[in-house]
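Undergrad: Here it is, the structure, as structure tokens.
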Amino acid sequence: MQKKQILLINDLAGYGKVATAAMLPILSYMGHPVYNLPTALVSNTLDYGKFNILDTTDYIKGVFPVWKQLGFRFDAIATGFIASVRQAEIISEYCREQANNGTLIFVDPIMGDEGKLYNGVTMETVKSMREMIRVAHLIVPNYTEACFLTDTTHHAESVTRDEAYELLDKLRKLGTKSALISSMKVDGQCAVVGYDHSKDEYFLLPYTEIPVHFPGTGDMFSAILYAHLLDGEPMRLSTRIAMDVLYRLIEVNKDNSDKNRGVPVENWLHLIRASF
């Protein structure tokens, strides 16, 4: 089976397995030709508290005309961290043009977790992400990001199943066709909830939480999910597989001394093999 080509539009960290550095090895290992366009160059994962960042908007603005002249096409585009409203406008316009030619648009609105925005992320970033969602076929925010995007109160303790599905509906009103929300508690149980546009189906998948924090786990989840979706697997099954593989990756790395670096994913790609 010929594998689908995917373009990653995300930040690139010099130190740490997050964003492009976490996703590219997984998608490549799963057989998909991967291309990348950095939205920002970041010195290290933000979890260290100090970092340097270079916004690449001017570079991106020059890339798209060249790619159009060369006739480059992708089966899917996956966007992550967006550095500014201006950058979001440029990228969303490109994604809209590509979607009109049949390209799938996946959006991970990387902004925050545990009820707050990440270091360096502002409400302008939230506005930028709403721009991206307008052109998405699928978005994969965590619970915190879903709340910021929809101006919904964050309930760290738990929400009901109906409240979770209502949050999905609010995200769909922003423009996306399908949506997944991770890192939330539904009726006291950690779960991922989703809406699959192709089947007009809501679903809830529970999971067991491992009480450690690694940056980049959401990126790894997305990479595994996208790979299975591009292989034609149903959304619910692809989500369950991504959850189970991510659990194994975290479990074998939970005692790592420097978790701020993220999971050294290249060392554990064999754990993904059973999923495809």
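Undergrad: What is the number of the single condition among (1) crowded, with 16+ Cβ neighbours inside 10 Å; (2) aliphatic (A, V, I, L, M); (3) out of contact with any Cys (no Cβ under 8 Å at 6 or more places or on another chain); (4) closer than 23 Å to Gly80 by Cα that Leu237 does not meet?
TA: All conditions are met except number (1).
Undergrad: Can you find even one residue in the range 186-203 that is open to solvent by 10 Å² or more (accessible area, probe 1.4 Å), closer than 30 Å to Asn44 by Cβ and not in a helix (DSSP H, G or I)?
TA: So far as the range 186-203 goes, yes, one or more of its residues are open to solvent by 10 Å² or more (accessible area, probe 1.4 Å), closer than 30 Å to Asn44 by Cβ and not in a helix (DSSP H, G or I).
Undergrad: Ser28 - would you say it is under 23 Å from Phe214 (Cβ atoms) and without any contact (Cβ under 8 Å) to a residue 12 or more places away in the chain?
TA: Values: under 23 Å from Phe214 (Cβ atoms): yes; without any contact (Cβ under 8 Å) to a residue 12 or more places away in the chain: yes.
Yes: the conditions hold for Ser28.
Undergrad: So, restricting to helices (runs of 4 or more DSSP H) that lie completely within the range 59-157, which ones have at least 2 residues that are modelled with pLDDT of 95 or more, in contact with a helix residue (DSSP H, G or I) (Cβ under 8 Å, 6 or more places away or on another chain) and closer than 24 Å to Leu230 by Cβ?
TA: It comes to 85-100, 143-150.
Undergrad: Looking for something among the small types (Gly, Ala, Ser), closer than 30 Å to Tyr59 by Cβ and surrounded by 15 or more Cβ atoms within 10 Å (Cβ to Cβ) - is there at least one such residue anywhere in the range 115-131?
TA: yes
Undergrad: Here's another thing I want to ask about it. Could you grab me the full set of residues in the range 40-66 that are of a type in the set (Phe, Trp, Tyr) and open to solvent by less than 40 Å² (accessible area, probe 1.4 Å)?
TA: Phe64
Undergrad: Another question, if that's okay. Kindly indicate whether any position in the range 207-218 is part of a helix (DSSP H, G or I) and touching a residue at least 24 places away in the same chain (Cβ under 8 Å).
TA: Yes; the residues of the range 207-218 include at least one that is part of a helix (DSSP H, G or I) and touching a residue at least 24 places away in the same chain (Cβ under 8 Å).
Undergrad: Could we say that Gly14 is free of Cβ contacts under 8 Å to residues at least 12 places away in the same chain, farther than 30 Å from His155 by Cα and of a type outside the set (Asp, Glu) here?
TA: Considered against the rule, which asks whether it is free of Cβ contacts under 8 Å to residues at least 12 places away in the same chain, farther than 30 Å from His155 by Cα and of a type outside the set (Asp, Glu), Gly14 comes out as no.
Undergrad: Just wondering, is there one or more residues in the range 198-213 that are within 18 Å of the chain's Cα centre (by Cα) and under 22 Å from Lys17 (Cα atoms)?
TA: Yes, the conditions are met somewhere in the range 198-213.
Undergrad: Taking the range 87-101 only, how many residues are touching a residue at least 24 places away in the same chain (Cβ under 8 Å) and either open to solvent by less than 70 Å² (accessible area, probe 1.4 Å) or under 16 Å from the mean Cα position of the chain (by Cα) (or both)?
TA: Final tally of qualifying residues: 9.
The values are calculated or read from the model by the stated rules, or taken from the named source; none is laboratory data. Note that the structure is a prediction, hence the values are computed from the model and not measured. As a convention, Cβ positions derive from the backbone with ideal geometry for all residues, glycine included, and neighbour counts pool all protein chains shown. Protein only, heavy atoms only, side chains kept; ligands, DNA and RNA dropped before computing areas. Shrake-Rupley method; radii C 1.70, N 1.55, O 1.52, S 1.80 Å.
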